[in-house]
1. Applying the selection to the range B:364-407, what residues are part of a loop (DSSP other than H, G, I, E, B) and surrounded by fewer than 21 Cβ atoms within 10 Å (Cβ to Cβ)?
2. Taking the residues in the range B:108-142 that are more than 14 Å from chain A (Cβ to nearest Cβ) and within 26 Å of B:Pro51 (Cβ to Cβ) as candidates, determine which candidate is nearest to the chain's Cα centre (by Cα).
3. Of all residues in the range B:93-107, how many are of a type in the set (A, V, I, L, M, F, W, C), touching a strand residue (DSSP E or B) at 6+ places or on another chain (Cβ under 6 Å) and either outside the structural domain of B:Leu79 (by TED's automatic domain parsing) or surrounded by 23 or more Cβ atoms within 10 Å (Cβ to Cβ) (or both)?
4. Restricting to strands (runs of 3 or more DSSP E) lying wholly in the range B:189-264: which have 2 or more residues that are touching a helix residue (DSSP H, G or I) at 6+ places or on another chain (Cβ under 8 Å) and within 14 Å of chain A (Cβ to nearest Cβ)?
5. (1) in contact with a strand residue (DSSP E or B) (Cβ under 9 Å, 6 or more places away or on another chain); (2) among the acidic types (Asp, Glu); (3) surrounded by fewer than 24 Cβ atoms within 10 Å (Cβ to Cβ): which one isn't true of B:Glu688, the others all being true?
6. Within the range B:275-306, count every residue that is part of a strand (DSSP E or B) and either buried (at least 22 other Cβ atoms within 10 Å of the Cβ) or of a type in the set (Gly, Ala, Ser) (or both).
7. Name the pairs: first residue in the range A:32-52 and facing chain B (nearest Cβ under 7 Å) and among the β-branched types (Val, Ile, Thr), second residue assigned to a loop (DSSP other than H, G, I, E, B) and surrounded by fewer than 24 Cβ atoms within 10 Å (Cβ to Cβ), Cβ to Cβ under 7 Å, at least 6 apart or on different chains?
8. Output yes when any residue across the range B:694-717 is surrounded by fewer than 24 Cβ atoms within 10 Å (Cβ to Cβ), aliphatic (A, V, I, L, M) and away from every other protein chain (no Cβ under 14 Å), and no when none is.
Amino acid sequence: MGTERQLITLQVNGETRQVAVPVHKTLLEVLREDLGLTGTKHGCELGECGACTVLIDGRPELACLLLPIACEGREILTVEGLADGAKLHPLQEAFAELGAAQCGYCTPGILLTAKALIDSNPRPTRQEIREALAGNLCRCSGYAKILNAVSMAALRSTEAAAARKP
Amino acid sequence: MTTASTRSTPSIGEGTQDDHELAVIGKRVPKVDVWGKVTGETRYTDDLQLPRMAFGKLLRSPHPHALIKRIDTSGAKALPGVYAVITGHDLPPVKFGILPVSQDEEALCTEKVRYVGDAVAAVAAVDEETAERACRLIDVEYEPLPALMSVEESLSHPEVRIHEYGHGPNIQRLISLQFGDVEAAFAKADLVLEDVFFYQGNNHLAMEQHAALASWGPDGKLTLWSSTQTPHYVHRLLAKILDLPMAHIRVVVPAVGGGFGGKLDPFSHEVAACRLSQLAGRPVKIALTREEVFYTHRGRHPTLMWLKTGFSKDGDILGCHLKTCLDGGAYGSYGVASSFYTGAINSVTYKMPVYRFEGARVFTNKPACGPKRGHGTPQPRFALECQIDKAAERLGLDPAAMRRRIVAEPFTKTANHFTVTTIGLKECIDKVVEASDWRRKWSGWQKVGGKRRGIGFACSAFVTGAGESIYWNEMPHSGVIVRADRGGGVAVLCGATDIGQGSDSILTYLVAEALGIEPKDIRVHTADTDLTPVDLGSYSSRVTLMCGRAAMQAAERLREVMTKAVARKLEVAPEDIVFRDRRVGTRDDWENALTFVQAVELAEAMHGVLAFAGAYAPPKRVPGYRGAGVGPSPCYSYTACAVELEVDEETGEITLHDVWIAHDVGRALNPSLVEGQVEGSVYMAIGEALMEEQVFRKGVHKTPSMLDYKSPTSLDMPEVHTILVETHDPEGPYGAKEAGQGPLLPVMPAIANAVYNVTGVRIDETPITAEKILKGLDLLRQGKPARIGPDKPPAVVYPQPNMVESAFGQPADEDVPRPFA
């Protein structure tokens with residue numbers, strides 16, 4: 001009520017979006033409430049659980065600790081932007097096939113953290129995957145199938161990349 | 001199968017079919033709802049937004065125990081942007097609770113608050129910030145009362161009463177049951193052990209915080225979307241709480257982001273959202289913060305236990321006497337059931353000819369405890385399995401071999417009159433012993449202590465669904481409607497709630513298998529009280545078995561009609577008709593088989609609309625004595641587990657290396673899903689064993705955040721080697737038993753036993769922390785008994801026991817009534 005709003009321009013999932021929001025609203029709130037991108041979840045809103053992880057210029061960041069104004073001019077990727085049009089990302093395929101998503105609530109944040117990992121390290125070891133995902137809590141899976149799915153997606157991605165080379 | 005019903009066509013899925021005949025069951029296929037979950041499309045309750053929706057907030061008590069003298073909401077009501085403010089006086093003056101025996105809660109307290117976090121008022125406003133600001137403008141005058149923050153305080157201050165009801169001052173419930181003469185058993189035992197154990201309380205910590213969205217329409221009808229595990233009980237209790245006919249209430253459950261028992265009660269935020277919506281004339285959503293989830297709680301009961309067991313020199317259990325005392329927190333919740341569960345199913349794992357159980361639940365000024373994964377059974381399981389380990393050492397027995405020798409006999413009755421059916425525990429033990437290289441790694445009792453790395457063993461059992469509903473009735477526990485559409489699409493309607501465990505998928509697989517179609521041809525519609533038949537909820541590991549059997553019955557009824565129509569068209573005998581590959585025909589003349597779509601059209605022309613219902617209620621096997629309602633189950637799952645770990649003697653730090661776990665799941669309807677349940681159970685168990693604890697300081701929760709409340713991360717998880725054992729139980733769908741809770745149970749004691757194997761220190765309480773290990777090692781160096789744990793048994797005076805003859809070893813009854821079979 002009566003809070004001053006600021007016009008902010010964001011690059012989200014390759015699209016330019018403008019929002020007029022109170023300057024103290026977090027990126028998490030703006031994504032979910034103003035842009036309708038509810039795929040990004042909240043588990044604590046204090047930067048403790050990793051459920052709200054999005055990629056900012058390719059790096060995993062916690063949307064609950066970010067102010068949108070700090071994200072202007074940067075590429076924001078949420079789970080809704082992970083697929084290439086109708087074609088799912090190999091991570092999404094692998095998570096579905098191997099049963100790596102149970103309740104699914106931590107899944108968006110984990111997918112994005114994993115994407116950042118395999119983009120920078122195409123063949124991560126199991127320990128490297130564990131380390132990358134250490135900030136993303138999952139209470140259902142025990143992480144086993146998540147680690148398997150990230151490995152499988154990494155393998156498939158590198159194989160696909162190799163096949164594309166002449 | 002001892003089914004009393006007769007059927008005209010062969011029954012499907014009774015555990016008799018060979019795997020090679022099955023097209024869907026037993027296959028690793030993706031969950032039906034997984035695509036939405038990997039793309040962010042799945043909508044959880046807090047993802048829902050309705051036009052004109054307001055945001056609600058609860059005002060909570062800052063006192064652990066206080067009288068409410070006065071509440072003034074005028075300041076909040078005057079704040080611009082506020083639509084409605086309510087206190088408990090704006091609700092009908094009724095108390096409620098999930099169990100009929102403990103109607104002790106108010107959605108908003110009117111006279112008294114009983115823990116820090118108890119809700120006293122609620123606000124609906126234009127946004128969350130305004131609602132929060134309005135809450136701060138509510139003026140509540142409290143008169144603080146002495147806070148009872150432990151069982152000891154509650155028992156030693158009878159003059160301070162948290163509630164007025166119960167079996168004694170601050171004692172909600174006392175239980176005392178005896179099945180045979182345990183003292184005589186102890187007298188003839190070669191070894192009698194008496195130990196005191198403590199199991200710490202902890203939170204479910206589901207990733208999704210609870211949320212509720214209520215819309216009370218101008219027609220006087222209410223719709224509530226809520227992240228609950230039990231829409232039916234919420235539906236039923238809302239009618240009482242709001243004094244509104246059930247017929248005018250609809251409860252819908254969107255996707256649920258994990259439950260583990262934490263979303264099984266009706267909660268303040270649900271009730272407040274409804275009433276606020278009615279007053280504001282607009283939809284109201286209340287989403288809890290993580291801190292509020294810790295106050296809402298209903299987690300594991302901290303439990304002090306005294307266990308006395310008599311053993312023969314060969315390791316047979318001759319008799320067992322258990323006393324438990326549960327720290328219940330401020331309200332009843334499921335606590336009476338939890339209390340019974342600390343005693344009820346200790347008898348179903350091993351041969352236990354005589355048994356005595358005494359239990360108590362005590363109120364304290366802390367958030368109410370309730371059901372968490374394993375519900376009341378992890379605590380006594382920890383005690384029993386640690387004590388068996390001690391007995392094995394005293395008797396010089398291999399603890400795995402000792403357990404294998406005393407596994408309960410299938411299809412018999414226990415001392416406390418429960419019927420056990422299939423038991424795959426011996427096979428589970430054998431597989432874990434082999435996979436873990438147990439014999440080499442355990443290497444005998446003389447090699448305990450003084451090493452870096454070692455291994456521990458434990459077993460367990462769990463119910464596959466409660467034999468009784470929470471409120472007494474003769475209606476089904478689960479209902480399913482299967483409807484075939486002219487285009488060959490099949491809809492499955494069921495009240496079951498998928499909380500991530502995969503119940504929507506299980507319903508789909510079972511119906512697809514019965515009708516010979518693909519999972520993709522089926523749409524499931526679940527957990528909507530307007531549209532779906534009642535299912536009691538996602539608790540007690542009941543869903544796969546109960547919804548599964550109801551779904552199979554409904555699908556079978558559809559199949560019978562379709563069989564008749566196709567047999568008539570093809571001029572063949574109905575017995576020869578098979579359904580597979582989306583076709584219906586005879587094996588001998590498969591090229592002339594009809595498509596599933598044609599078969600549906602013929603059947604609809606012959607029969608009319610194709611919609612069939614199925615229902616399930618457990619076999620009527622609940623024993624007759626008072627207190628027998630908790631523990632009976634259609635069948636029990638069994639688990640064996642070995643844990644290999646390392647202890648750093650300098651720091652006391654534990655590093656888990658491997659967990660081998662074999663689970664008797666009856667039949668794995670989808671091995672991927674079952675493994676997921678086992679792995680998740682192991683994970684949650686590790687959290688409870690090593691770090692998770694719900695602790696308080698000066699009346700206040702010490703760690704109400706995910707940072708301070710420690711839970712395992714991907715770096716803390718060992719490799720989990722899951723082995724599935726199939727026993728094809730006659731009661732389960734295609735022989736399936738539960739997998740969601742049982743595999744949690746043996747992990748904590750296996751860790752404690754492994755810590756002993758490595759260090760020679762017995763830790764008889766959870767969590768098993770580095771600090772406790774160092775303390776134990778210190779004692780060891782001083783030549784003192786290296787045991788960490790409580791010393792005194794519960795300071796409760798239990799009543800004289802209800803004496804019941806032991807039914808141990810009697811054969812399972814042949815003919816058992818099955819209400820809807």
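The values are calculated or read from the model by the stated rules, or taken from the named source; none is laboratory data. Note that this is a predicted model, so its numbers are computed, not measured. All Cβ positions, even for glycine, are placed from backbone atoms using ideal geometry, and neighbour counts span all protein chains on display.
1. Once the filter is applied, which keeps residues that are part of a loop (DSSP other than H, G, I, E, B) and surrounded by fewer than 21 Cβ atoms within 10 Å (Cβ to Cβ), the range B:364-407 yields B:Gly396, B:Leu397, B:Asp398, B:Ile406.
2. Initially, the range B:108-142 is screened for residues more than 14 Å from chain A (Cβ to nearest Cβ), giving B:108-122, B:135-136, B:138-142.
Checking which are within 26 Å of B:Pro51 (Cβ to Cβ) leaves us with B:122, B:135.
Values: B:Ala122: 30, B:Cys135: 34 Å.
Ranking the qualifying residues of the range B:108-142, first place goes to B:Ala122.
3. So in the range B:93-107, the residues of a type in the set (A, V, I, L, M, F, W, C) come out as B:94, B:96, B:98-99, B:101, B:107.
Those left that are additionally touching a strand residue (DSSP E or B) at 6+ places or on another chain (Cβ under 6 Å): B:96.
Still in the running and either outside the structural domain of B:Leu79 (by TED's automatic domain parsing) or surrounded by 23 or more Cβ atoms within 10 Å (Cβ to Cβ) (or both): none.
Total satisfying the criteria: 0.
4. Numbers: elements: B:191-199, B:211-216, B:222-226, B:249-252.
Per the criteria, B:211-216.
5. For B:Glu688, the failing item is (3).
6. Of all residues in the range B:275-306, those part of a strand (DSSP E or B) come to B:284-287, B:303-306.
Narrowing further to those that are either buried (at least 22 other Cβ atoms within 10 Å of the Cβ) or of a type in the set (Gly, Ala, Ser) (or both): B:284-287, B:303-305.
Summing the residues that are part of a strand (DSSP E or B) and either buried (at least 22 other Cβ atoms within 10 Å of the Cβ) or of a type in the set (Gly, Ala, Ser) (or both) in the range B:275-306 gives 7.
7. Matching pairs, first to second residue: A:Thr38/B:Arg43.
8. yes
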